[in-house]
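Take a look at the structure set out below.
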Amino acid sequence: MEIGQGVIPFKGQPISSKCKPQNLNSHFNSRVFLGFNLYTPKHSCTQRQIFKSQPSSKTDHPLHRNVKILQPHKKKTQENNKDRVFVGFKLQCHSKAEALPSRTVINGKKKGYGGILPSILRSLRTESDVEKTLDLYYGKLSPKEQTVILKEQSNWEKALRVFEWMKSQKDYVPNVIHYNVILRALGRAKKWDELRICWFEMAKNSVFPTNNTYGMLVDVYGKAGLVKEALLWIKHMKLRGIFPDEVTMNTVVKVLKDAGEYDRADRFYKDWCIGKIELDDLDFESIDDSEPFSLKQFLLTELFRTGGRNPSRVSEIENIGRKPRMTATYNTLIDLYGKAGRLKDAANVFNEMLKSGVTLDAFTFNTMIFICGSHGNLEEAEALLNKMEERGISPDTKTYNIFLSLYANAGKIDRALQWYKKIRGTGLFPDAVTCRAIIQILCKQNMLKEVEDVISEIESLGMYIDEHSLPVIMRMYINEGLIDRAKMLFEKCQLNGGFSSPAYAAIIDAYADKGLWVEAEGVFFGRRDKFIQKKAIVEYNVMIKAYGIAKLYDKAFSLFKGMKGQGTWPDECTYNSLIQMFSGGDLVDQAKELLAEMQVRFKPSCSTFSAVIASYVRMSRLSDAVDVFGEMSKAGVKPNEVVYGSLIDGFAEAGKFEEAMHYFHVMNDSGSQANQIILTSMIKAFSKLGSVEGAKKLFEQIKNLHGGPDIIASNSMLNLYADFGMVSEAKMIFDHLREKVQADGVTFATLIYAYKNMGMLEEAIEIAEEMKQSGLLRDCVTFNKVMACYATNGQLVECGELLNEMINQKLLPDGGTFKVLFTILKKGGFSAEAVRQLELSYREGKPYARQAVITSVYSAVGLHAYAIESCHIITQPGLRLHPFAYNVAIYVYGASGQIDEALKIFMRMQDEGLEPDIVTFVNLVGCYGKAGMIEGRYDLADLVSQEMKLDLEMKHVTDSESEVAFLIRCYIILIG
């Protein structure tokens, strides 16, 4: 991204109808690329508008693949011709240098070439037979017209065919201009073999490269990422005796700047200013040498061939001081120093421009504004805007885009929106960069209404949402749960044309992150643009991710198997996703098979092996985990601490101390350092072994690590001390964690457990109270331990309150919870028969058994309001209940004094054909006693007694002594 061109990288902005440069290379790009001087004062304003990055078609925007973008007319601005700097360049060719045919200009707009050129160019665009088209004009084309035809070819193959046809003419004279055009076309297409052939042919025909040629070669090699190879052309240039002119120097500085080599770019510029070209520090060995005849070999061979030539021309120029005169050069330098963080140097270059009378343009100010603003100097940036307007340079859309993004990055969203509104307020129009930036800002803030207002404005300008903004908007809708809006927007945008694979992948990913695999599937398998049939691997990968999040492993695997049939081969990301997915879902055997398949084409990473090993360890299949560890070593993948940690922890959990120690020593021998996780696992191993001293040594080792022991290591050691009844040591660790505000629920619960086991109930209760007040009761384990402590101490009401709090936190009671609850029931006076009945129902998993136990606990401890509320769940009309549930309901209503409700439950029980049991009668007796219905009613006592006896006889009770005791207890209750 060029500083001053907006925060979001975006190539190809609307073409200005004026001569004002639109980018850093506006003064020299065309010359570098075309290889000859198009610019003379006479027609400079019509021909300096050839910008390589500007799409001419309304539908050919690089970021709007098949999406129509209509650009509105910009507000016209007046510029002085004196503000433009045009540098002429001497042609070095065998033909006479003449001005190229110029395009007709009407109202500042290029309408095309005159004469026969439009017809020829139109035919070449539509006809595949280049030679047949050109044969019609054999001998009729001037060198100028030939050059225009050659440079207008956008396809490198067609350009070569045109060039070959030209060379076939008997009167053709080879010239450097034509070779520059062809070399540029081949370099831009990265056709290095063809470029070499063209270069050799150029030498064979005695056509010598010029400054234009070398500048163009540096540019295309640099843009291809071949920075060192680009600099070798400058070395070649020097050996040829040609000193870089300002345009070539500017190109080199820009290539180095874009590669992030700021110091070298600065050094090259300063050397140029004193007439020196020093490239002795170029590292030839680091240049790629993988091709059979590499770029490195080609360039070094060329350097060797030219090494003996007379460098006298360079010697004459050396040590002559010079200063740049082009606006573009100063812009490059400002951009260079800004990106390097050298703000003072950037300001000095800006001041030098003012002193030297070099024309400042919009790009100059845009760059300076961006530099100031991106370093937090927003007031300075706005001051520069005022200076810009004072000098008669109108801010363009890019200027406002910069301010919009700067304020957004600073978190000042309201100010960013103000700058967005200023674009229209000043008569300009938002461009694609503006729209994308403002949509990004608003979507990030979830400002739904504002986003939709921007969409409406975009459409009112005849533009459409581009494929980069669409996934951002859809993700906002999806995150807000507005799935229908997201679908409507997607379908609407699809009507304007298809999208690229990355855009489809981003949309699928937005659905995947929310687990919406059906919607993701709809995009993946949905209608596509007719020109985009084959799905890219990135789309498959995110669809597999969507299935993985939804745990639809079969679908993910099926999609994976079908990829090859569609002509798309899985990559490393595909395998890694599936292996991680299956490993995490405990489908480790499938993951292992995929790992083997992956190794045929790729070398799995350490994390891939680690996922499979961790899965085997989790499933206690330690021998399989060891086998994968062995495969890892054979594959030449070095295990890291995570791998060793999984194995050590697995063996420690299994109580296999020797194996855990073995891998601990292997890890140390391999040079890997034990981290806190591994040392904590080893503490666990020593705990299983019962070696407190061994664990203490490891804990001391953890203390020496950066940051000291974490909460997990401390709790592990605390638990070890608790198991061995070492209360003082446990309390010491607890106090240390509490002082550092690191104590969590496990810390408190473990100390409670230690105190309780040692019979120190008061201390345990004190810690439990502190734990409650700290809000650390967040899981079943901590609730269970605190309730057990209260139950042991006879604080049953507190137990009921904790149970209610646990349920309100939507924590599902586990087996440990129910163990404590049955203890509470026994301590709360619940009859032994009723407790046995509930325990049996719970173990057998009968419907509503868990709810019945909870309800009984509330009632037993006297929390009748909670008990009645809980009882409503099991007494809803229409439920088919077992007798134990009715018994609980009779007890709860009776205990709370609601005798009528208790009797209604009893009658409902009989209506459903369920016979009362011992627990039923005990609960009924309790109800009658509560209601005072027994005194003086010996007939009622007789009736109940007879029913009980009859019921007992029918059930053939074997434990007669227990039942006799039971009857005696009932009579005592009855007769008071």
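Numbers at a glance
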{"read-out": "Among (1) open to solvent by 50 Å² or more (accessible area, probe 1.4 Å); (2) not in a loop (DSSP other than H, G, I, E, B) - the single one Trp569 does not satisfy", "value": "(2)"}
{"read-out": "Failed item, numbered, when Asp361 is tested on (1) surrounded by 21 or more Cβ atoms within 10 Å (Cβ to Cβ); (2) acidic (Asp, Glu); (3) within 17 Å of Arg415 (Cβ to Cβ)", "value": "(3)"}
{"read-out": "Filtered residues of segment 851-867 (kept if aliphatic (A, V, I, L, M) and either surrounded by fewer than 20 Cβ atoms within 10 Å (Cβ to Cβ) or touching a residue at least 40 places away in the same chain (Cβ under 8 Å) (or both))", "value": "Ile854, Val857, Ala860, Val861, Leu863, Ala865"}
{"read-out": "Output for segment 183-199, where each listed residue is open to solvent by 60 Å² or more (accessible area, probe 1.4 Å) and part of a helix (DSSP H, G or I)", "value": "Arg188, Asp193, Glu194, Ile197"}
{"read-out": "Within segment 452-515, helices (runs of 4 or more DSSP H) holding 1 or more residues that are open to solvent by 30 Å² or more (accessible area, probe 1.4 Å) and more than 19 Å from Tyr547 (Cα to Cα)", "value": "470-479, 483-494"}
{"read-out": "Number of the condition not met by Met787 [criteria: (1) open to solvent by 60 Å² or more (accessible area, probe 1.4 Å); (2) among the hydrophobic types (A, V, I, L, M, F, W, C); (3) free of Cβ contacts under 8 Å to residues at least 40 places away in the same chain]", "value": "(1)"}
{"read-out": "Qualifying position, being over 54 Å from the mean Cα position of the chain (by Cα) and surrounded by fewer than 20 Cβ atoms within 10 Å (Cβ to Cβ), among Gln876, Gln898", "value": "Gln898"}
{"read-out": "Residues of segment 384-405 satisfying the condition of being under 21 Å from Ile473 (Cα atoms) and not small (Gly, Ala, Ser)", "value": "Asn401, Leu404"}
{"read-out": "Yes/no for Lys684 being touching a residue at least 12 places away in the same chain (Cβ under 8 Å), more than 29 Å from Lys603 (Cα to Cα), open to solvent by less than 70 Å² (accessible area, probe 1.4 Å) and assigned to a helix (DSSP H, G or I)", "value": "yes"}
{"read-out": "Members of segment 757-768 that are open to solvent by 60 Å² or more (accessible area, probe 1.4 Å) and under 25 Å from Gly862 (Cα atoms)", "value": "Glu762, Glu766"}
{"read-out": "Single residue of segment 156-182 satisfying the filter (outside any loop (DSSP other than H, G, I, E, B) and of a type in the set (Val, Ile, Thr)) that is nearest to Pro209 (Cα to Cα)", "value": "Val176"}
{"read-out": "Qualifying residue in segment 840-850 (condition: in a helix (DSSP H, G or I) and in contact (Cβ under 8 Å) with a residue 60 or more places away in the chain)", "value": "no"}
{"read-out": "In segment 851-880, the residues that are part of a loop (DSSP other than H, G, I, E, B) and of a type in the set (D, E, K, R)", "value": "Arg880"}
{"read-out": "Thr147 polar (S, T, N, Q), over 15 Å from Leu217 (Cβ atoms) and open to solvent by 20 Å² or more (accessible area, probe 1.4 Å)", "value": "no"}
{"read-out": "Helices (runs of 4 or more DSSP H) completely within segment 778-828 that count 3 or more residues being touching a Gly at 6+ places or on another chain (Cβ under 9 Å)", "value": "780-792, 796-808"}
{"read-out": "Unmet requirement for Gly816, which otherwise passes all of (1) more than 30 Å from Pro916 (Cβ to Cβ); (2) open to solvent by 10 Å² or more (accessible area, probe 1.4 Å); (3) modelled with pLDDT under 90; (4) not charged (D, E, K, R)", "value": "(3)"}
{"read-out": "Failed item, numbered, when Arg836 is tested on (1) open to solvent by less than 40 Å² (accessible area, probe 1.4 Å); (2) at pLDDT 90 or above", "value": "(1)"}
{"read-out": "Cross-chain or 6+ apart pairs with Cβ under 6 Å, segment 425-436 first and without any contact (Cβ under 8 Å) to a residue 12 or more places away in the chain, then aliphatic (A, V, I, L, M)", "value": "none"}
{"read-out": "Odd one out for Ile242 among (1) buried (at least 18 other Cβ atoms within 10 Å of the Cβ); (2) over 19 Å from Gly321 (Cα atoms)", "value": "(2)"}
{"read-out": "Any chance Lys492 is more than 24 Å from the chain's Cα centre (by Cα) and closer than 21 Å to Cys443 by Cβ", "value": "yes"}
{"read-out": "Residue within segment 644-655 that is among the β-branched types (Val, Ile, Thr) and surrounded by fewer than 17 Cβ atoms within 10 Å (Cβ to Cβ) present", "value": "no"}
{"read-out": "Output for segment 847-886, where each listed residue is under 21 Å from Thr823 (Cβ atoms) and of a type in the set (D, E, K, R)", "value": "Arg850"}
{"read-out": "Hey, Leu226 within 36 Å of the chain's Cα centre (by Cα), surrounded by 18 or more Cβ atoms within 10 Å (Cβ to Cβ) and either at pLDDT below 90 or among the charged types (D, E, K, R) (or both) or not", "value": "yes"}
{"read-out": "Out of Arg485, Arg424, Arg391, Arg436, sole residue that is basic (Lys, Arg) and modelled with pLDDT of 90 or more", "value": "Arg485"}
{"read-out": "Filter result for the condition that a residue is among the polar types (S, T, N, Q) and over 22 Å from Asp917 (Cα atoms), over Ser870, Ser841", "value": "Ser870"}
{"read-out": "Test for Phe298: is it modelled with pLDDT under 90, more than 33 Å from the chain's Cα centre (by Cα) and open to solvent by 20 Å² or more (accessible area, probe 1.4 Å)", "value": "no"}
{"read-out": "Among residues of segment 879-895, those that are open to solvent by 10 Å² or more (accessible area, probe 1.4 Å) and either acidic (Asp, Glu) or closer than 14 Å to Arg850 by Cα (or both), counted", "value": "2"}
{"read-out": "Residue check for Asp280: modelled with pLDDT of 60 or more, in a loop (DSSP other than H, G, I, E, B) and either in contact with a strand residue (DSSP E or B) (Cβ under 6 Å, 6 or more places away or on another chain) or not small (Gly, Ala, Ser) (or both)", "value": "yes"}
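Each row is one residue, and each column tells you yes or no for (1) within 30 Å of Thr359 (Cα to Cα); (2) under 33 Å from the mean Cα position of the chain (by Cα); (3) among the basic types (Lys, Arg).
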{"position": "Arg424", "(1), (2), (3)": "yes, no, yes"}
{"position": "Phe429", "(1), (2), (3)": "yes, yes, no"}
{"position": "Arg436", "(1), (2), (3)": "no, yes, yes"}
{"position": "Gln445", "(1), (2), (3)": "no, yes, no"}
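The rows are residues; the columns are (1) at pLDDT below 90; (2) more than 26 Å from Phe602 (Cβ to Cβ).
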{"residue": "Ser615", "(1), (2)": "no, no"}
{"residue": "Val628", "(1), (2)": "no, no"}
{"residue": "Glu641", "(1), (2)": "yes, no"}
{"residue": "Glu653", "(1), (2)": "yes, yes"}
{"residue": "Glu659", "(1), (2)": "yes, yes"}
{"residue": "Phe664", "(1), (2)": "yes, yes"}
{"residue": "Asp669", "(1), (2)": "yes, yes"}
{"residue": "Ile677", "(1), (2)": "yes, yes"}
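The values are calculated or read from the model by the stated rules, or taken from the named source; none is laboratory data. Since this is a predicted model, take the numbers as computed values, not measurements. So basically every Cβ, Gly included, is an ideal-geometry build from the backbone, and we count neighbours across all protein chains shown. Only protein heavy atoms, including side chains, enter the accessible area calculation; ligands, DNA and RNA are left aside. Shrake-Rupley method; radii C 1.70, N 1.55, O 1.52, S 1.80 Å.
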